[in-house]
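Visitor: Pasting a structure below so you can have a look.
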Amino acid sequence: MASFAHDFPFDPAYGRTLDDLRAVDAPPAPDGFAAFWRGRYEAARAVAAEPEIGPLEDERDGVRIHGVTYTSVGGVRLGGWLVLPAAGEPVGHGFVVGHGYGGRQEPGPDLPLPLPSAAAILPCVRGMGARGLVAGIPDEADRHVLHGIASRETYVIGDCAADLWCAASALQELFPGLAGAGRLGYLGESFGGGLGALALPWDERFGAAQLTVPTFGNHPLRLTLPCAGSGESVRRYHRGHPEAVDVLRYFDAATAAGFLERPTLVAAALFDPSVPPPGQFAVYNALAGERELLVLEAGHFEHAGLGQDVAALGAARRRFFGEWLGR
């Protein structure tokens, strides 16, 4: 059981040992779960992403970084960054890189990419980050996570998953050599990890994924666990609107993981004040395909061993994608 000095009014390890966490299961899928998500995916695949590449913004870590925009469901135009090999060599691999709650204001720490000669799109999903702002959608995590929660059709999390699918379409439109099944990899942390678990089971274009401290796992359990992240906003809302659980059942990352058959590396933390570890491990435990677990001492928390966790994750990520996509 992880233990750190902290001033949170709750235990970010939630009293669980690693063995306890390895035993957390996923809620059963509600009626029509798979059909709901496949329908959302098919609608996203019908969208012409029409990506547009902006000027060069940076060059580092062996890559060139450009701004990029593309179209997602509902005709929403979103922005982000396009990462290309700096030497101009042919693109041999492709990645979609999701972000944490709060969005991204710059490409951030997701570079270098796990494989050489790779291109990646780092999208800002709707409502998140300066390049993802959309009128009417809150840009603060505590309000964003509640937007449209009255029904499964209007809940913003479903459209955010579609933004990832459309980002994949944009990457393949730019690089037709990446078209086809299993040609793309996915990286997502926290919010992006949960979105990845929701989006990837239905999209055959992805051959492997890495999810770091994924959120949205086992909502019934999450609703009982205080935290410092967006889940606390959902907990507060649920107290006044208990019917929200019926919508949340369709957006449970652990439930979706039961349909995810692509090789997946999950980095899950023993101690995390923002995304309760039981939910993170629920996602890993439910995975239906080849899976690999990297246990982190802590997530969303500065600690003495953070550098070691980051280094271990980087090495695991390179080896994992080298094994599954580097052939």
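The values are calculated or read from the model by the stated rules, or taken from the named source; none is laboratory data. What you see is a predicted model, and the numbers here were worked out from it, not measured in a lab. Neighbour counts are summed over all protein chains in view; Cβ atoms, including those assigned to glycine, are modelled from backbone coordinates with ideal geometry.
Visitor: Kindly state which helices (runs of 4 or more DSSP H) lie completely within segment 249-327 and contain at least 2 residues that are hydrophobic (A, V, I, L, M, F, W, C) and under 15 Å from GLY196 (Cα atoms).
Guide: Here the list reads 253-257, 277-286.
Visitor: Now for a different question. Is it the case, given these coordinates, that ALA26 is out of contact with any strand residue (DSSP E or B) (no Cβ under 7 Å at 6 or more places or on another chain), at pLDDT 95 or above and under 30 Å from LEU225 (Cα atoms)?
Guide: So ALA26 passes the test.
Visitor: Which one of these is of a type in the set (Ser, Thr, Tyr), touching a helix residue (DSSP H, G or I) at 6+ places or on another chain (Cβ under 8 Å) and under 26 Å from PRO242 (Cα atoms): SER169, SER151, SER190?
Guide: Result of the check over SER169, SER151, SER190: SER151.
Visitor: Could I ask something else about it? Tell me which residues, restricted to segment 216-259, are within 18 Å of PRO201 (Cβ to Cβ) and either at pLDDT below 95 or β-branched (Val, Ile, Thr) (or both).
Guide: Residue satisfying the conditions is THR255 alone.
Visitor: For segment 51-73: of the residues being of a type outside the set (D, E, K, R) and part of a loop (DSSP other than H, G, I, E, B), which is farthest from the chain's Cα centre (by Cα)?
Guide: The selected residue is GLY62.
Visitor: Run ASP163 past the list (1) in contact with a strand residue (DSSP E or B) (Cβ under 7 Å, 6 or more places away or on another chain); (2) surrounded by fewer than 20 Cβ atoms within 10 Å (Cβ to Cβ) and report the number of the one that doesn't hold.
Guide: Status for ASP163: all satisfied but (2).
Visitor: Going by the conditions given, is ALA181 out of contact with any helix residue (DSSP H, G or I) (no Cβ under 7 Å at 6 or more places or on another chain), more than 20 Å from PRO263 (Cβ to Cβ) and not β-branched (Val, Ile, Thr)?
Guide: no
Visitor: Then there is this: Could you figure out which of (1) crowded, with 22+ Cβ neighbours inside 10 Å; (2) more than 22 Å from PRO226 (Cα to Cα); (3) of a type in the set (A, V, I, L, M) isn't true of ALA282?
Guide: (2)
Visitor: Can you tell me which of (1) crowded, with 16+ Cβ neighbours inside 10 Å; (2) closer than 22 Å to GLY180 by Cα is the one GLY103 doesn't meet?
Guide: (2)
Visitor: I've got another one for you. Just checking, does segment 143-160 include any residue being within 19 Å of TYR70 (Cβ to Cβ) and free of Cβ contacts under 8 Å to residues at least 12 places away in the same chain?
Guide: no
Visitor: If you don't mind, there's one more thing I want to ask. Can you pull out every residue in segment 38-68 that is aliphatic (A, V, I, L, M), surrounded by fewer than 15 Cβ atoms within 10 Å (Cβ to Cβ) and farther than 23 Å from GLY196 by Cα? Outline the logic, then answer.
Guide: Applying the first criterion (aliphatic (A, V, I, L, M)) to segment 38-68 yields 43-44, 46-49, 53, 56, 63, 65, 68.
So of that shortlist, the ones also surrounded by fewer than 15 Cβ atoms within 10 Å (Cβ to Cβ) come out as 43, 46, 48, 53, 56.
Selection gives ILE53, LEU56.
Visitor: Could you grab me the full set of residues in segment 184-222 that are surrounded by fewer than 24 Cβ atoms within 10 Å (Cβ to Cβ), assigned to a loop (DSSP other than H, G, I, E, B) and either in contact with a Leu (Cβ under 8 Å, 6 or more places away or on another chain) or of a type in the set (Ser, Thr, Tyr) (or both)?
Guide: ARG205
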